[in-house]
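Note sheet for the following structure.
The values are calculated or read from the model by the stated rules, or taken from the named source; none is laboratory data. Since we're looking at a predicted model, the values are computed, not measured. All Cβ positions, glycine included, derive from the backbone under ideal geometry; neighbour counts span all protein chains shown. Note: areas computed on protein heavy atoms with side chains; ligands, DNA, RNA excluded. Shrake-Rupley method; radii C 1.70, N 1.55, O 1.52, S 1.80 Å.
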Amino acid sequence: MVDRVVGGRYELVRPLGRGGMGEVWLGRDTRLDRDVAVKLLRPSSLPAGSDVEALISRFAREARLTARLENPGVPAVYDTGTDQDDLYLVMQLIGGADLAEFSAENEPVPLGWVAAIGAQISSILGAAHEAGLVHRDLKPRNVMITHAGEIKVLDFGIAVLRDADLTRITRTSEAVGTPAYMAPEQAMHGVSSPSSDLYSLGCVLYELITGRHVFEASTALAIMHRHYSEIPMPVHEIRPEVDPRMGHLVTRLLAKDPRERPASAREVYDVMISLLPPPSNGPLIPMDPTRPFRDMMSTPQRPSVSIAHQQLPVSMPSPVPQPMPVPQPAMPPPPMAYEPPTVRVKFWDTPARRMSEGALIAFGFMLLGFAVSDAVSKNPRADVAFGIGFGLLFILIGARMRKRRLGLSSVWALSWYRATRPASAGERIMERVLLIIGGLATVTYGVSAILAATHVQAWSFATTDPITGISISLALFVPGVVLRQRRLGKRYPWLL
């Protein structure tokens, strides 16, 4: 596509990227002589089986929703229409980088910059939520930072209006969003709300602080399952210098229950604005997200009430006058003066629970081994049934505890993911003891049983029969292997 002019006035210069609903081009508005971003949707180039009507409706809705959000943190919409068989959307051109590129180039991202980014994003989300919009796909690739340090939130194409009588374009069976940043209720039940946007914001902040995703897995379904059932490692355990207020806020944003998250984007904004670093008179750094706040503090501003009008000023001229932001304190309050409120967080994955369920399952298998040994002996005792019954009972109790702790679909389901909380010192010691004692006993009993079966020598190890001895050995060795597998995050227990 060379020298194409869309809509009779927008000349396509070069492609900038491909999104979920089309291509984005650098364009030139020949009538007003300015650079623009042109988003194209070609229904003819969509894969076979695509719901073309739904994509066209969603594309048109993106134009309406983005134009409805008159906020400097959202690219302005200039024009929309059709050209030949294609649909086009003309928007403000944003120069800079997305947050994924920004964090990769500045890792580890300074915590003051994280606070400035969080304050700007929460301000934009607050404006969207006040307008009745939920973004539903907030992620680093959909957040741009300009050379002046201003944040822009892109791609409202799958945003949803929170009006009760709105007909949803998205099909019921279609998963909307990006699994690594989706709230549990959005991933599992398709429920989107301002609170689900705040959860996605928590994922973005977690990644900026730690340099890693909240959860990682090999498939999208596995990632969504971990978001639904596991509690992430606190950010201060990965980056100890994190301010307790920031760490506490990220923990609340990532709460499974939406009621335990901050009540609104304004609450996130208030915390983040208090964590901004003091202003400095040093040289300007490109893409410094604290720069707009410093500019705002150095100029008298007219007060405003709504968070929808607290977005940062832009350096480029805008065709629509923007209300001035509210001045904020330059220095954060003293750390000792802050005492985090109590938040109900249920930690199912604790060392005590893991050790208890492991002991129950191991003891149950030992009882089954004793019962089977008695059953195959020449003089079986009357307590065989009791041994089998109690063995199965202990195994079932331990398996149900494990199912509840890991959020598994059934008691026999497997899970090879890294633990939601780090192994304690007691668990590491127990792991080594079980591996050494259980491994030696398993080898010794196994070799003795093989020699006895091949009549090389009679069974003579200790006073137990082969089945009982091997059952006791495995009941010690297998829990040690499982503890090691869990601590290292191995997919299979036999991987070194």
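Things worth noting here:
- With respect to being buried (at least 22 other Cβ atoms within 10 Å of the Cβ) and modelled with pLDDT of 55 or more, residue 145 fits the description.
- Pairs with Cβ under 6 Å, 6+ apart, first in the range 192-203 and closer than 17 Å to residue 99 by Cβ, second among the acidic types (Asp, Glu): none
- Tally of residues being in contact (Cβ under 8 Å) with a residue 60 or more places away in the chain and in a helix (DSSP H, G or I) across the range 62-91: 4
- Number of the condition not met by residue 239 [criteria: (1) at pLDDT 90 or above; (2) open to solvent by 30 Å² or more (accessible area, probe 1.4 Å)]: (2)
- Yes/no for residue 443 being under 17 Å from residue 358 (Cα atoms), of a type outside the set (S, T, N, Q), modelled with pLDDT of 65 or more and open to solvent by 50 Å² or more (accessible area, probe 1.4 Å): no
- Restricted to the range 171-209, and to residues there that are modelled with pLDDT under 95 and β-branched (Val, Ile, Thr), the residue that is least open to solvent (accessible area, probe 1.4 Å) is 176.
- Residues of the range 217-227 classified as in contact with a helix residue (DSSP H, G or I) (Cβ under 7 Å, 6 or more places away or on another chain) and surrounded by fewer than 23 Cβ atoms within 10 Å (Cβ to Cβ), total: 4
- Within the range 221-243, residues that are free of Cβ contacts under 8 Å to residues at least 12 places away in the same chain sit with their Cβ atoms under 7 Å from residues that are β-branched (Val, Ile, Thr), at 6+ positions apart or across chains, in these pairs: 236/242.
- With respect to the conditions (1) open to solvent by 10 Å² or more (accessible area, probe 1.4 Å); (2) assigned to a helix (DSSP H, G or I); (3) modelled with pLDDT of 90 or more, residue 232 falls short on a single one, namely (2).
- Selected residue (only one of 51, 85 is modelled with pLDDT under 85 and either in contact with a Ser or Thr (Cβ under 8 Å, 6 or more places away or on another chain) or crowded, with 19+ Cβ neighbours inside 10 Å (or both)): 85
- For the range 242-283, the candidate set comprises residues that are within 23 Å of residue 226 (Cα to Cα) and in contact with a Ser or Thr (Cβ under 6 Å, 6 or more places away or on another chain); within that set, the residue that is most open to solvent (accessible area, probe 1.4 Å) is 258.
- The range 391-436 - residue that is over 30 Å from residue 468 (Cβ atoms) and among the hydrophobic types (A, V, I, L, M, F, W, C) and, of those, modelled with the highest pLDDT: 425
- Matching residues, the range 111-133, being outside any helix (DSSP H, G or I), touching a residue at least 40 places away in the same chain (Cβ under 8 Å) and surrounded by fewer than 22 Cβ atoms within 10 Å (Cβ to Cβ): 131
- Which listed residue is surrounded by 13 or more Cβ atoms within 10 Å (Cβ to Cβ) and modelled with pLDDT under 85, from 17, 96, 22: 22
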